[in-house]
Amino acid sequence: MKLVFAGTPEVAVPALDVLIASGRHEVAAVVTRPDAPAGRGRRLVASPVAERAEEAGIEVLKPARPREESFLARLAEIAPDCCPVVAYGALLPRAALDVPARGWVNLHFSLLPAWRGAAPVQHAVMAGDEITGASTFLIEEGLDSGPVYGTVTEQVKPTDTSGDLLTRLAFAGSGLLAATMDGIEDGTLQAVPQPADGVTLAPKITVEDARVDWSAPALRVDRVVRACTPAPGAWTEFRGERLKLVQASPAADRDDLAPGELAVGKRSVRVGTGSHAVELLWVQAQGKKPMRAADWARGVRIAPGERLGTGDVR
(Lines give C-alpha, C1' and ligand atoms only; values in the text may rest on other atoms or scores of the structure.)
Protein backbone atom coordinates (compact mmCIF):
# COMPACT_ATOMS: atom_id res chain seq x y z
CA MET A 1 0.00 0.00 0.00
CA LYS A 2 0.95 3.64 -0.37
CA LEU A 3 1.17 5.06 3.17
CA VAL A 4 1.26 8.51 4.74
CA PHE A 5 2.65 8.16 8.27
CA ALA A 6 1.55 10.60 10.98
CA GLY A 7 3.60 10.99 14.16
CA THR A 8 5.67 13.49 16.10
CA PRO A 9 7.78 12.42 19.15
CA GLU A 10 10.67 10.01 19.53
CA VAL A 11 8.28 7.23 20.57
CA ALA A 12 6.85 7.21 17.02
CA VAL A 13 10.21 6.74 15.29
CA PRO A 14 10.52 2.93 15.78
CA ALA A 15 7.22 2.37 13.95
CA LEU A 16 8.29 4.66 11.10
CA ASP A 17 11.61 2.81 10.86
CA VAL A 18 9.87 -0.58 10.63
CA LEU A 19 7.52 0.62 7.89
CA ILE A 20 10.37 2.17 5.90
CA ALA A 21 12.42 -1.02 6.20
CA SER A 22 9.60 -3.43 5.44
CA GLY A 23 9.88 -3.07 1.66
CA ARG A 24 6.26 -4.15 1.32
CA HIS A 25 4.68 -0.71 1.57
CA GLU A 26 5.68 2.73 0.29
CA VAL A 27 5.89 5.51 2.88
CA ALA A 28 5.08 8.34 0.48
CA ALA A 29 5.02 11.14 3.05
CA VAL A 30 5.05 11.93 6.75
CA VAL A 31 2.70 14.26 8.63
CA THR A 32 4.07 15.77 11.83
CA ARG A 33 3.64 18.75 14.12
CA PRO A 34 5.35 22.01 13.14
CA ASP A 35 8.87 22.81 14.37
CA ALA A 36 8.81 23.85 18.03
CA PRO A 37 11.15 25.96 20.21
CA ALA A 38 13.56 23.90 22.32
CA GLY A 39 16.62 24.33 24.52
CA ARG A 40 17.91 27.44 26.25
CA GLY A 41 18.06 29.39 23.02
CA ARG A 42 14.45 28.43 22.22
CA ARG A 43 15.37 27.90 18.59
CA LEU A 44 12.92 26.07 16.36
CA VAL A 45 13.62 22.33 16.14
CA ALA A 46 12.01 19.73 13.88
CA SER A 47 10.21 16.80 15.50
CA PRO A 48 12.06 13.45 15.79
CA VAL A 49 9.71 11.99 13.17
CA ALA A 50 10.43 14.88 10.78
CA GLU A 51 14.18 14.41 11.23
CA ARG A 52 13.96 10.67 10.54
CA ALA A 53 11.79 11.18 7.46
CA GLU A 54 14.16 13.81 6.05
CA GLU A 55 17.09 11.42 6.57
CA ALA A 56 15.18 8.83 4.54
CA GLY A 57 14.32 11.31 1.79
CA ILE A 58 10.59 11.24 2.52
CA GLU A 59 8.35 14.27 2.00
CA VAL A 60 7.40 15.95 5.29
CA LEU A 61 4.13 17.82 5.83
CA LYS A 62 3.90 20.13 8.85
CA PRO A 63 0.42 21.69 8.94
CA ALA A 64 -0.28 23.99 11.89
CA ARG A 65 -3.74 22.41 11.83
CA PRO A 66 -4.65 19.32 9.80
CA ARG A 67 -7.82 21.04 8.57
CA GLU A 68 -5.78 23.51 6.48
CA GLU A 69 -6.90 23.45 2.85
CA SER A 70 -3.33 23.31 1.53
CA PHE A 71 -2.60 20.22 3.64
CA LEU A 72 -5.84 18.48 2.67
CA ALA A 73 -5.16 19.21 -0.99
CA ARG A 74 -1.64 17.75 -0.81
CA LEU A 75 -2.94 14.68 1.04
CA ALA A 76 -5.50 14.14 -1.70
CA GLU A 77 -2.78 14.50 -4.36
CA ILE A 78 -0.65 11.82 -2.67
CA ALA A 79 -3.78 9.61 -2.48
CA PRO A 80 -2.56 7.19 0.22
CA ASP A 81 -4.26 3.82 0.63
CA CYS A 82 -3.85 3.98 4.42
CA CYS A 83 -2.43 6.36 7.03
CA PRO A 84 -0.74 4.77 10.07
CA VAL A 85 -0.59 7.07 13.12
CA VAL A 86 1.62 7.04 16.23
CA ALA A 87 1.36 9.92 18.73
CA TYR A 88 0.71 12.58 16.08
CA GLY A 89 -0.69 15.06 18.61
CA ALA A 90 -3.50 16.78 16.71
CA LEU A 91 -7.16 16.00 16.05
CA LEU A 92 -7.87 14.83 12.52
CA PRO A 93 -10.93 16.38 10.85
CA ARG A 94 -13.44 14.35 8.85
CA ALA A 95 -12.07 15.84 5.62
CA ALA A 96 -8.69 14.23 6.37
CA LEU A 97 -10.17 10.96 7.65
CA ASP A 98 -12.03 10.50 4.36
CA VAL A 99 -8.94 10.71 2.12
CA PRO A 100 -7.30 7.26 2.46
CA ALA A 101 -9.48 4.43 1.13
CA ARG A 102 -8.53 2.18 4.07
CA GLY A 103 -8.60 4.87 6.71
CA TRP A 104 -6.23 6.08 9.40
CA VAL A 105 -4.93 3.35 11.72
CA ASN A 106 -3.65 4.41 15.13
CA LEU A 107 -1.11 2.62 17.31
CA HIS A 108 -2.32 3.35 20.85
CA PHE A 109 -0.30 2.38 23.92
CA SER A 110 -2.96 0.55 25.93
CA LEU A 111 -5.19 -2.49 25.66
CA LEU A 112 -8.34 -0.79 24.44
CA PRO A 113 -10.95 0.02 25.66
CA ALA A 114 -8.76 0.66 28.73
CA TRP A 115 -7.02 4.03 28.97
CA ARG A 116 -8.44 5.94 26.04
CA GLY A 117 -6.80 9.36 25.80
CA ALA A 118 -3.52 11.24 25.69
CA ALA A 119 -1.61 9.56 28.55
CA PRO A 120 -2.38 5.82 28.63
CA VAL A 121 1.04 4.70 29.85
CA GLN A 122 1.19 7.23 32.70
CA HIS A 123 -2.27 6.26 33.88
CA ALA A 124 -1.46 2.53 33.71
CA VAL A 125 1.59 3.06 35.95
CA MET A 126 -0.30 5.37 38.31
CA ALA A 127 -3.14 2.85 38.65
CA GLY A 128 -0.76 0.00 39.43
CA ASP A 129 -1.68 -2.09 36.37
CA GLU A 130 0.36 -5.27 36.14
CA ILE A 131 -0.31 -5.82 32.43
CA THR A 132 -0.74 -3.26 29.67
CA GLY A 133 0.03 -3.26 25.96
CA ALA A 134 -0.62 -1.61 22.62
CA SER A 135 -3.53 -1.70 20.18
CA THR A 136 -4.03 -0.82 16.54
CA PHE A 137 -7.45 0.55 15.68
CA LEU A 138 -9.31 2.35 12.91
CA ILE A 139 -9.65 6.02 13.81
CA GLU A 140 -13.18 7.37 14.10
CA GLU A 141 -14.30 10.79 15.27
CA GLY A 142 -14.74 9.52 18.86
CA LEU A 143 -11.87 9.39 21.39
CA ASP A 144 -9.90 6.20 20.67
CA SER A 145 -13.20 4.38 20.21
CA GLY A 146 -12.71 2.77 16.79
CA PRO A 147 -12.67 -0.97 16.05
CA VAL A 148 -9.45 -2.79 16.95
CA TYR A 149 -7.24 -4.70 14.49
CA GLY A 150 -4.77 -6.23 16.94
CA THR A 151 -2.99 -6.01 20.31
CA VAL A 152 0.27 -6.91 22.00
CA THR A 153 0.68 -7.21 25.77
CA GLU A 154 3.50 -5.98 28.00
CA GLN A 155 4.18 -6.61 31.68
CA VAL A 156 4.49 -3.54 33.90
CA LYS A 157 7.54 -4.06 36.12
CA PRO A 158 7.42 -2.85 39.75
CA THR A 159 10.16 -0.28 39.09
CA ASP A 160 8.99 0.89 35.66
CA THR A 161 8.73 4.60 35.02
CA SER A 162 6.41 5.76 32.25
CA GLY A 163 9.50 6.38 30.15
CA ASP A 164 10.76 2.81 30.63
CA LEU A 165 7.40 1.28 29.75
CA LEU A 166 6.74 3.56 26.79
CA THR A 167 10.12 2.72 25.26
CA ARG A 168 9.33 -1.00 25.33
CA LEU A 169 5.83 -0.45 23.98
CA ALA A 170 7.16 1.70 21.14
CA PHE A 171 9.27 -1.19 19.86
CA ALA A 172 6.68 -3.92 20.49
CA GLY A 173 4.00 -1.72 18.92
CA SER A 174 6.06 -1.03 15.81
CA GLY A 175 5.87 -4.70 14.86
CA LEU A 176 2.15 -4.74 15.58
CA LEU A 177 1.55 -1.71 13.35
CA ALA A 178 3.55 -3.24 10.48
CA ALA A 179 1.65 -6.52 10.81
CA THR A 180 -1.61 -4.57 10.82
CA MET A 181 -0.67 -2.83 7.57
CA ASP A 182 0.14 -6.23 6.02
CA GLY A 183 -3.16 -7.71 7.18
CA ILE A 184 -5.19 -4.79 5.85
CA GLU A 185 -3.38 -4.95 2.52
CA ASP A 186 -3.91 -8.68 1.94
CA GLY A 187 -7.43 -8.75 3.40
CA THR A 188 -6.70 -11.20 6.22
CA LEU A 189 -7.37 -8.72 9.04
CA GLN A 190 -10.72 -7.27 10.07
CA ALA A 191 -11.24 -4.65 12.78
CA VAL A 192 -13.42 -5.76 15.71
CA PRO A 193 -15.62 -3.25 17.62
CA GLN A 194 -14.43 -2.44 21.13
CA PRO A 195 -16.54 -3.82 24.00
CA ALA A 196 -18.79 -1.36 25.82
CA ASP A 197 -17.49 -2.55 29.21
CA GLY A 198 -14.05 -1.76 30.61
CA VAL A 199 -13.71 1.75 29.21
CA THR A 200 -11.32 3.94 31.21
CA LEU A 201 -10.01 7.39 30.32
CA ALA A 202 -6.42 8.66 30.33
CA PRO A 203 -6.41 12.46 30.04
CA LYS A 204 -3.14 14.37 29.90
CA ILE A 205 -1.30 14.41 33.24
CA THR A 206 -1.09 18.00 34.47
CA VAL A 207 1.58 19.57 36.65
CA GLU A 208 -0.92 19.63 39.52
CA ASP A 209 -1.59 15.89 39.04
CA ALA A 210 2.16 15.35 39.52
CA ARG A 211 2.21 17.05 42.94
CA VAL A 212 2.90 14.44 45.63
CA ASP A 213 0.41 14.09 48.47
CA TRP A 214 2.45 12.85 51.43
CA SER A 215 -0.69 11.84 53.34
CA ALA A 216 -1.26 9.13 50.70
CA PRO A 217 0.18 5.63 51.24
CA ALA A 218 3.78 4.99 50.21
CA LEU A 219 2.61 2.76 47.36
CA ARG A 220 0.61 5.65 45.89
CA VAL A 221 3.55 8.06 46.23
CA ASP A 222 5.82 5.57 44.47
CA ARG A 223 3.34 5.17 41.61
CA VAL A 224 2.93 8.91 41.14
CA VAL A 225 6.70 9.44 40.98
CA ARG A 226 7.17 6.63 38.45
CA ALA A 227 4.13 7.60 36.37
CA CYS A 228 5.30 11.22 36.08
CA THR A 229 8.87 10.31 35.09
CA PRO A 230 10.19 11.70 32.81
CA ALA A 231 7.25 14.08 32.24
CA PRO A 232 5.79 16.21 33.68
CA GLY A 233 7.94 15.23 36.70
CA ALA A 234 6.64 14.51 40.21
CA TRP A 235 7.24 17.34 42.65
CA THR A 236 6.70 18.66 46.14
CA GLU A 237 7.42 21.82 48.11
CA PHE A 238 10.48 22.49 50.25
CA ARG A 239 10.99 25.85 51.95
CA GLY A 240 8.57 27.51 49.57
CA GLU A 241 10.23 26.24 46.39
CA ARG A 242 9.47 23.37 44.09
CA LEU A 243 11.53 20.20 44.52
CA LYS A 244 11.34 17.66 41.70
CA LEU A 245 11.36 13.99 42.72
CA VAL A 246 13.39 12.17 40.09
CA GLN A 247 13.55 8.74 41.75
CA ALA A 248 12.12 7.33 44.97
CA SER A 249 11.40 3.92 46.47
CA PRO A 250 9.19 2.63 49.31
CA ALA A 251 11.22 1.93 52.46
CA ALA A 252 9.09 -0.40 54.58
CA ASP A 253 11.46 -0.53 57.57
CA ARG A 254 10.65 3.01 58.80
CA ASP A 255 7.06 3.94 59.65
CA ASP A 256 7.41 6.42 62.53
CA LEU A 257 7.60 9.59 60.41
CA ALA A 258 4.68 11.98 59.99
CA PRO A 259 3.50 12.63 56.41
CA GLY A 260 6.15 14.73 54.67
CA GLU A 261 8.58 14.57 57.62
CA LEU A 262 12.23 14.18 56.60
CA ALA A 263 14.76 11.83 58.22
CA VAL A 264 18.32 12.20 56.96
CA GLY A 265 21.02 9.57 57.41
CA LYS A 266 24.60 9.52 56.16
CA ARG A 267 23.53 8.01 52.84
CA SER A 268 19.76 8.13 52.89
CA VAL A 269 16.84 10.56 52.91
CA ARG A 270 13.45 9.27 53.99
CA VAL A 271 10.06 10.91 53.95
CA GLY A 272 6.97 9.96 55.92
CA THR A 273 3.73 9.13 54.10
CA GLY A 274 0.27 8.00 55.11
CA SER A 275 1.67 4.49 55.62
CA HIS A 276 5.42 3.76 55.79
CA ALA A 277 8.31 5.90 54.63
CA VAL A 278 9.59 6.52 51.12
CA GLU A 279 13.31 6.84 50.40
CA LEU A 280 14.31 9.67 48.10
CA LEU A 281 17.06 8.57 45.72
CA TRP A 282 17.38 11.46 43.23
CA VAL A 283 15.91 14.96 43.41
CA GLN A 284 16.18 18.22 41.47
CA ALA A 285 15.96 21.58 43.21
CA GLN A 286 14.77 24.65 41.33
CA GLY A 287 17.44 25.92 38.95
CA LYS A 288 19.71 22.94 39.68
CA LYS A 289 20.65 19.71 37.94
CA PRO A 290 19.39 16.35 39.27
CA MET A 291 21.45 15.09 42.22
CA ARG A 292 21.50 12.30 44.73
CA ALA A 293 19.03 13.02 47.51
CA ALA A 294 21.70 12.52 50.18
CA ASP A 295 23.91 15.18 48.55
CA TRP A 296 20.97 17.56 48.30
CA ALA A 297 20.08 17.03 51.97
CA ARG A 298 23.62 17.75 53.12
CA GLY A 299 23.68 20.95 51.10
CA VAL A 300 20.40 22.38 52.45
CA ARG A 301 21.06 21.26 56.09
CA ILE A 302 17.62 19.92 56.96
CA ALA A 303 16.47 20.76 60.49
CA PRO A 304 14.89 18.12 62.78
CA GLY A 305 11.17 17.80 62.10
CA GLU A 306 11.34 19.69 58.80
CA ARG A 307 8.81 18.55 56.23
CA LEU A 308 8.15 18.39 52.52
CA GLY A 309 4.85 19.51 51.06
CA THR A 310 4.09 22.43 53.36
CA GLY A 311 3.47 26.02 52.30
CA ASP A 312 2.92 27.64 48.94
CA VAL A 313 5.43 27.35 46.14
CA ARG A 314 7.05 30.60 45.02
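The values are calculated or read from the model by the stated rules, or taken from the named source; none is laboratory data. Keep in mind the model is a prediction, meaning the values are calculated, not measured. Virtual Cβ from ideal backbone geometry, glycine too; neighbours counted across all protein chains shown. Only protein heavy atoms, including side chains, enter the accessible area calculation; ligands, DNA and RNA are left aside. Shrake-Rupley method; radii C 1.70, N 1.55, O 1.52, S 1.80 Å.
Oblate is the label for region 217-262. Its Cα gyration tensor axes, ordered a ≥ b ≥ c, give a/c of at least 1.5 and b/c at or above a/b.
Tell me the mean residue ellipticity at 222 nm calculated for the chain from its helices only (DSSP H runs of n ≥ 4, each -39500 (n - 2.57), averaged over every residue, nearest 500).
Values: 8 runs with 83 residues, N = 314.
It lands at -8000 deg cm²/dmol.
For every other residue with a beta carbon closer than 13 angstrom to the beta carbon of ALA50, add +1 if it is Lys or Arg and -1 if Asp or Glu, then tell me the sum. It works out to a net charge of -3. Between 0 and 90 degrees, the angle of helix 162-186 with respect to the longest Cα principal axis of the chain falls at about 10 degrees.
Spatial offset of region 230-248 relative to region 169-189 amounts to 39 Å, using the alpha carbon center of each.
Rounded to the nearest 20, the size of the Cβ-charge dipole of the chain about its Cα centre is 1480 debye, with Lys and Arg at +1 and Asp and Glu at -1.
The Kirkwood radius of the chain, taken over pairs of alpha-carbon atoms, gives through the Stokes-Einstein law at 20 °C and 1.002 mPa s a diffusion coefficient of 101 µm² s⁻¹.
Compute the long axis of helix 218-227 from its Cα atoms, compare it with the longest principal axis of the Cα atoms of the chain, and write down the angle in degrees, 0 to 90, nearest 10. That works out to roughly 40 degrees.
Just the protein heavy atoms count here, and of the accessible area of the chain at 1.4 Å, carbon and sulfur take up 51 percent.
With K and R counted +1 and D and E -1, the other residues having a Cβ less than 10 Å from that of VAL13 yield a net charge of -2.
Each listed q (0.14, 0.21, 0.24, 0.35 Å⁻¹) maps to a log10 I(q)/I(0) for region 202-242, found by the Debye formula over equal Cα scatterers with no solvent: -0.30, -0.65, -0.82, -1.22. Counting only alpha carbon atoms, the long axis of helix 69-78 and the longest principal axis of the chain meet at about 60°. Taking a ≥ b ≥ c as the square roots of the eigenvalues of the Cα gyration tensor, an a/c ratio of 1.5 or more together with a/b no larger than b/c marks region 1-101 as oblate. Temperature 4 °C, viscosity 1.567 mPa s: under these conditions the Stokes-Einstein estimate for region 184-314, based on its Kirkwood radius over C-alpha pairs, is 80 µm² per second. Which of ALA38, ALA53, ALA87 moves the most in a Gaussian network model of the chain with Cα springs under 10 Å? Between ALA38, ALA53, ALA87, it is ALA38 that shows the largest mean-square fluctuation.
Taken over region 107-156, the alpha-carbon convex hull comes to 58 cubic angstrom per residue.
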